[in-house]
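*Asks:* Below is one structure. I have some questions about it.
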Amino acid sequence: MTEHESEPEPAATFADLLLRQELLDALSGLGYEEPTPIQRAAIPPVLEGRDLVGQAATGTGKTAAFALPILQRITRHGQGVKPKALVLAPTRELAVQVSEAMHRYGHQLGTRVLPIYGGQPIGRQLKALERGVDVVIATPGRALDHISRGTLSLGELSMVVLDEADEMLDMGFAEDIEAIFQDIPEQRQTMLFSATMPPRISGMVQHYLTEPVRIELGRAASQKNEPSLVRQAAYVVPRGHKPAALGRMLDAESPTAAIVFCRTREEVDQLTETLNGRGYRAEPLHGGMNQQQRDRVVERLRSATADLVVATDVAARGLDIEQLTHVVNYNVPSAPEAYVHRIGRVGRAGREGTAITLAEPREHRMLKTIERVTGQQIPVRKLPTIADVRAQRLEQTRGALWESLQDSDGLDRFRAVVEPLAEEFDVVEVALAAVKLAHEAAGTVTDEEEIPEVTSWPPADARRGRKDGPGGRERKGRAVGRGMTRLFVGVGRTAGVRPQDLVGAIAGESRLRGRDIGAIDIADRFSLVDVPEGAADDVISALKGTTIKGRKTTIRRERFQSR
Ligand code: AMP
């Protein structure tokens with residue numbers, strides 16, 4: 001049986017997972033319609049108190065998979081002083097994201113959530129810790145700082161999460177994690193999430209977890225290697241540029257009818273509004289609408305009154321619209337199965353179609369998982385440029401005119417317009433003016449927004465601990481790359497500093513990700529690290545006052561930078 005002949009099983013709802021009402025209310029307030037596969041698999045065992053290992057990348061909904069059961073299981077929200085749960089995350093960026101998610105899910109319960117990372121005035125963290133917090137989300141370096149100052153006490157922890165464990169190991173945090181765990185009670189529940197499961201992660205699991213439940217996304221899927229009539233492609237786009245990228249892509253593809261998948265109701269409503277503002281005819285479709293409203297939207301698409309439907313998975317289930325030519329994933333779907341179901345909307349009954357996925361740079365691993373599970377390649381393409389779109393639109397206009405000239409019946413009545421003008425102007429000029437009017441009347445406004453190209457993707461040096469990447473090699477006297485600034489860090493080889501220590505400290509404490517960091521040179525008494533110019537000040541202030549390899553260190557711009 002092929003995938004598109006079967007509809008998915010009716011999925012468990014958040015309520016079926018036995019979450020408390022306050023959490024259910026928060027989720028429906030956020031427009032989450034149903035749990036993602038990792039949430040469905042992880043929440044019940046964690047609620048029962050089991051340890052858990054989840055192989056899941058960003059984009060799967062893994063944060064809520066641990067955050068919701070933590071919020072449900074910790075007691076006396078807002079009352080104690082010492083934290084009950086600790087989440088360790090490799091970067092400041094992720095720590096902030098997890099904190100925001102925890103805060104949104106837990107605010108009705110009165111949960112106090114505190115992110116701890118470098119670069120933020122430590123005073124604010126100290127005050128919050130003194131007042132009392134329920135959940136701490138920390139980068140390992142900063143957590144250790146607080147533990148050694150005696151300002152973070154882990155004695156009452158009952159739940160611990162290692163998030164993106166493979167990233168933490170790659171960044172050289174193994175020893176810090178080891179030291180942190182010495183302060184955590186033996187009696188606890190531990191969860192570990194990792195996109196990959198190399199042997200070092202298995203070692204960590206053995207060391208810190210007890211008889212864990214194991215969840216691997218995508219294992220059960222059986223759609224492998226089915227030939228697909230659907231043309232598939234992905235574009236990698238930074239988050240802030242997604243609406244413009246979607247518009248650009250729609251202009252280039254000019255779908256007859258398309259469905260654009262979003263994650264939540266809020267996202268559906270927002271994107272519909274944005275698209276309409278940009279001149280597309282888009283309609284929202286989500287679980288918050290009644291049947292009559294939904295039927296009306298589908299009818300509009302069928303009758304070509306609308307060109308786009310922006311939908312959640314739940315609302316689009318079972319939809320069969322013959323006119324559909326394109327499926328667009330506004331985000332990478334939360335599981336390979338969801339991807340297969342979505343693209344099945346255009347692959348139906350032997351019809352051909354196009355499936356396009358917009359992925360954020362962080363989501364490349366999920367895209368790889370989908371490729372692995374479906375056995376089909378999703379080529380990453382370069383977003384068409386404004387010039388490409390313009391050229392394509394001119395080509396469309398030319399094609400339309402050609403067709404019109406093939407069938408010249410009905411053209412005669414326009415002689416009364418052309419002939420008098422031809423006496424005054426050159427015929428080609430008259431034609432040019434007519435084409436201009438027709439061209440302008442046909443199109444939407446082409447976006448002028450500059451969308452940065454994500455050039456090296458997946459980033460060649462995304463994996464740290466790299467032997468041959470810029471971080472692993474020592475290069476003396478080399479020039480600073482374009483757009484980069486060299487920083488001086490006052491610790492070096494004699495302090496036992498390795499490239500991954502510097503990458504770990506910078507990515508852990510500042511907004512930079514490891515992959516953004518350029519070349520690293522380690523001398524005996526100092527190190528030189530290249531970072532993007534725009535991030536240099538942030539990195540300097542984030543690392544002021546922190547320790548690297550247990551030493552307080554100077555950090556400043558390197559004075560002599562060769563270009
Ligand atoms: P994560 O994989 O945890 O980084 O989550 C990816 C994104 O999915 C985040 O923006 C979440 O807010 C969103 N998300 C998580 N769970 C759900 C859900 N059940 N329904 C819709 N969106 C979700």
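*Asks:* Using the structure shown, decide if Ala101 is surrounded by fewer than 24 Cβ atoms within 10 Å (Cβ to Cβ), hydrophobic (A, V, I, L, M, F, W, C), more than 18 Å from Val53 (Cα to Cα) and within 15 Å of the ligand (Cβ to nearest atom).
*Replies:* yes
*Asks:* Restricted to region 376-390, and to residues that are more than 20 Å from the chain's Cα centre (by Cα) and surrounded by 13 or more Cβ atoms within 10 Å (Cβ to Cβ), which residue is modelled with the highest pLDDT?
*Replies:* Gln376
*Asks:* Which numbered condition trips up Glu363, out of (1) out of contact with any helix residue (DSSP H, G or I) (no Cβ under 9 Å at 6 or more places or on another chain); (2) open to solvent by 20 Å² or more (accessible area, probe 1.4 Å); (3) within 16 Å of the ligand (Cβ to nearest atom)?
*Replies:* So Glu363 meets the others, but not (2).
*Asks:* Could you please find all residues in region 39-54 being within 12 Å of Val213 (Cβ to Cβ), within 13 Å of the ligand (Cβ to nearest atom) and open to solvent by less than 40 Å² (accessible area, probe 1.4 Å)?
*Replies:* Restricting attention to region 39-54, the residues satisfying the condition of being within 12 Å of Val213 (Cβ to Cβ) are 41-54.
Restricting the remaining residues to those that are within 13 Å of the ligand (Cβ to nearest atom) gives 41-43, 54.
The answer is Ala42, Ile43, Gly54.
*Asks:* Here's a follow-up. May I ask you to say which residue of Arg498, Arg525 is modelled with pLDDT of 80 or more and among the basic types (Lys, Arg)? Even if it seems obvious, please write down each step before you answer.
*Replies:* Details: Arg525 fails: modelled with pLDDT of 80 or more.
Exactly one of Arg498, Arg525 is modelled with pLDDT of 80 or more and among the basic types (Lys, Arg), namely Arg498.
*Asks:* Still on this model: If you go through region 247-294 one residue at a time, how many are part of a loop (DSSP other than H, G, I, E, B) and acidic (Asp, Glu)? Walk me through how you get there before you give the answer.
*Replies:* Step one: of region 247-294, the residues part of a loop (DSSP other than H, G, I, E, B) are 254-257, 262-264, 278-281, 286-290.
Keeping just the survivors that are acidic (Asp, Glu) gives none.
The total comes to 0.
*Asks:* Tell me, please, whether a residue that is within 30 Å of Gly150 (Cβ to Cβ) and acidic (Asp, Glu) can be found in region 251-272. Even if it seems obvious, please write down each step before you answer.
*Replies:* Step one: list which residues in region 251-272 are within 30 Å of Gly150 (Cβ to Cβ), which gives none.
No, region 251-272 has no match at all.
*Asks:* Among the listed residues Asp170, Asp166, identify the single one that is among the charged types (D, E, K, R) and either within 16 Å of the ligand (Cβ to nearest atom) or free of Cβ contacts under 8 Å to residues at least 12 places away in the same chain (or both).
*Replies:* Among Asp170, Asp166, only Asp166 is among the charged types (D, E, K, R) and either within 16 Å of the ligand (Cβ to nearest atom) or free of Cβ contacts under 8 Å to residues at least 12 places away in the same chain (or both).
*Asks:* If you don't mind, there's one more thing I want to ask. Among the residues of region 426-434, is there at least one that is within 39 Å of the chain's Cα centre (by Cα) and not assigned by TED's automatic domain parsing to the domain that holds Lys242?
*Replies:* Of all residues in region 426-434, those within 39 Å of the chain's Cα centre (by Cα) come to none.
There is no residue in region 426-434 that is within 39 Å of the chain's Cα centre (by Cα) and not assigned by TED's automatic domain parsing to the domain that holds Lys242.
*Asks:* Read through the list (1) in contact (Cβ under 8 Å) with a residue 60 or more places away in the chain; (2) open to solvent by less than 60 Å² (accessible area, probe 1.4 Å), then give the number of the only condition that His146 fails.
*Replies:* Single failed check for His146: (1).
*Asks:* Take the conditions under 22 Å from Leu229 (Cα atoms) and out of contact with any Asp or Glu (no Cβ under 6 Å at 6 or more places or on another chain) and apply them to Leu319. Does it pass? Before you say what the answer is, go through the steps one by one.
*Replies:* On the way: under 22 Å from Leu229 (Cα atoms): yes; out of contact with any Asp or Glu (no Cβ under 6 Å at 6 or more places or on another chain): yes.
Here the answer is yes, as Leu319 does meet what is asked.
*Asks:* If you go through region 295-311, how many residues are within 30 Å of Asp25 (Cα to Cα), open to solvent by less than 50 Å² (accessible area, probe 1.4 Å) and assigned to a helix (DSSP H, G or I)?
*Replies:* Number satisfying all stated conditions: 2.
*Asks:* While we're on this one: For region 236-262, which residues satisfy the criterion of being within 16 Å of the ligand (Cβ to nearest atom) and at pLDDT 95 or above?
*Replies:* The answer is Val260, Phe261, Cys262.
*Asks:* Against the conditions (1) open to solvent by less than 30 Å² (accessible area, probe 1.4 Å); (2) at positive phi, where does Gly496 fall short? Just the number, please.
*Replies:* Exception for Gly496: condition (1).
*Asks:* Here is a follow-up. Taking Ile201 as the residue in question, decide whether it is assigned to a helix (DSSP H, G or I) and open to solvent by less than 20 Å² (accessible area, probe 1.4 Å).
*Replies:* Yes, satisfied.
Residue by residue, here is whether (1) farther than 30 Å from Val373 by Cβ; (2) at pLDDT 95 or above; (3) within 16 Å of the ligand (Cβ to nearest atom); (4) of a type in the set (Val, Ile, Thr) holds:
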{"site": "Thr274", "(1), (2), (3), (4)": "yes, no, no, yes"}
{"site": "Gly288", "(1), (2), (3), (4)": "yes, no, yes, no"}
{"site": "Leu301", "(1), (2), (3), (4)": "no, no, no, no"}
{"site": "Thr305", "(1), (2), (3), (4)": "yes, no, no, yes"}
{"site": "Asp313", "(1), (2), (3), (4)": "no, no, yes, no"}
{"site": "Ala335", "(1), (2), (3), (4)": "no, no, yes, no"}
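*Asks:* Name, by its number, the condition in (1) open to solvent by less than 50 Å² (accessible area, probe 1.4 Å); (2) within 16 Å of the ligand (Cβ to nearest atom) that does not hold for Thr111.
*Replies:* Looking at each condition in turn, Thr111 falls short on (2).
*Asks:* Restricting to region 14-38, what's the tally of residues that are more than 15 Å from the ligand (Cβ to nearest atom) and touching a helix residue (DSSP H, G or I) at 6+ places or on another chain (Cβ under 6 Å)? Show your work before the answer.
*Replies:* The initial filter retains those residues of region 14-38 that are more than 15 Å from the ligand (Cβ to nearest atom), namely 18, 20-22.
Those still in the list that are touching a helix residue (DSSP H, G or I) at 6+ places or on another chain (Cβ under 6 Å) too: 20, 22.
So the answer is 2.
*Asks:* All but one of (1) farther than 24 Å from Ile215 by Cα; (2) within 16 Å of the ligand (Cβ to nearest atom) hold for Gly119, so report the exception by its number.
*Replies:* Answer for Gly119: the failing condition is (2).
*Asks:* The conditions are (1) over 18 Å from Pro212 (Cβ atoms); (2) within 15 Å of the ligand (Cβ to nearest atom); (3) at pLDDT below 95, and Pro10 fails exactly one of them. Which is it?
*Replies:* It fails just one condition, (2).
The values are calculated or read from the model by the stated rules, or taken from the named source; none is laboratory data. All values reported here derive from a predicted model rather than from experimental measurement. As a convention, Cβ positions derive from the backbone with ideal geometry for all residues, glycine included, and neighbour counts pool all protein chains shown. Heavy atoms of the whole protein, side chains included, go into the accessibility calculation; ligands, DNA and RNA do not. Shrake-Rupley method; radii C 1.70, N 1.55, O 1.52, S 1.80 Å.
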